[in-house]
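**Q** Below are the structure tokens for one structure; questions will follow.
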Amino acid sequence: MILFSSLARFVNAKYMIKVKHITRITINSFNMAAGFLIISFACTYNKNVASFYVSLVASVILGTVSSFGESTVLGFCKGFPSTVVGYFGSGTGFAGVFGAGITLILQSAGLSNGTIFFIIAPSVIPYFIAFWWINNMKRKYPYIEEQKEPIVAQTYKEDDSEIHALSNDVRTGL
């Protein structure tokens, strides 16, 4: 699994650097949905010996798209303030806890693993729509980096007549 995840990151960094992020996420979304549906099928028809090998293929697909999607989104985040990477990290951490929790809840409700993966498959739709929306907002409102140098107050020369007259008015109380 680590080999396929590393390979996905390498391919993303080396060969897909000129491919738009939205295209990469679209490819990733279709592969993610396919992985969920394949593992759902393998869990539903688990009496057959081939189901084990099908579930391995689905696991490799899901692990690869997870790694590929993460590296794509992190590359996409370079156009945002640096705090966005922290928000993304918090979101992925919460997603792990939420995913495990929802799986346990659905299993305690009596649903089979095949049904649970089938129910989870449509979650790809909000994943893609959220990225599509953020991508559109990024193009509509580009990020302008804050000025890193401190703003220095301008000093005026004493011989500037307008400033000199104003300072005289302030001294005399006018």
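**Q** At residue 88 and residue 60, where each label point lies 7 Å from the Cα along Cα→Cβ, what is the point-to-point distance in nanometres?
**A** For residue 88 paired with residue 60, the spin-label model returns 2.7 nm.
**Q** Kindly state, to the nearest 0.05, the FRET efficiency for residue 112 paired with residue 78, given R0 = 30 Å and r defined as their beta-carbon distance.
**A** E(calc), rounded to 0.05, equals 0.10.
**Q** Ranked from highest to lowest mean number of other Cβ atoms within 10 Å per residue, what is the order of the peptides 120-130, 88-98? Walk me through the numbers on the way to the answer.
**A** On the way: 120-130: 14.4, 88-98: 11.1.
By packing density, highest mean first, the sequence is 120-130, 88-98.
**Q** When the chain is fully extended, how far beyond the present Cα-Cα distance does residue 98 get from residue 18, taking 0.36 nm per residue of separation?
**A** In short, 25.4 nm is gained.
**Q** Over the range 2-140, what is the relative contact order in percent, taking alpha-carbon pairs closer than 8 angstrom and at least six residues apart?
**A** That works out to 39 percent.
**Q** Compare the peptides 71-84, 99-112 by average per-residue count of other Cβ atoms within 10 angstrom and give them in order, highest first.
**A** 71-84, 99-112
**Q** Using the C-alpha atoms of the range 1-62, what convex hull volume per residue, in cubic angstrom, is computed?
**A** 65
**Q** Which shape class applies to the range 1-107: rounded if a/c is under 1.5, otherwise prolate when a/b exceeds b/c and oblate if not, where a ≥ b ≥ c are the square roots of the Cα gyration tensor eigenvalues? Kindly include the intermediate steps, with their values, before the conclusion.
**A** Values: a/c = 2.63, a/b = 1.51, b/c = 1.74.
It is oblate, given that a/c is not under 1.5 and a/b is not larger than b/c.
**Q** Would any residue of the range 14-31 have its amide N under 16 Å from a label point 7 Å out along Cα→Cβ of residue 125? List them or say none.
**A** Residues 29-30 qualify, since their backbone N sits under 16 Å from the label point.
**Q** If you don't mind, another one. For the range 2-140, how many pairs of lysine residues have a Cα-Cα distance under 21 Å, where the two are 8 or more positions apart or belong to different chains?
**A** So the count works out to 9.
Readers should treat all values here as calculations from the given coordinates under stated rules, not as data from a laboratory. What you are looking at is a predicted structure, and each value in this text was computed from that prediction instead of being measured. FYI the Cβ positions are ideal-geometry reconstructions off the backbone, even for glycines, and counts take in every protein chain you see.
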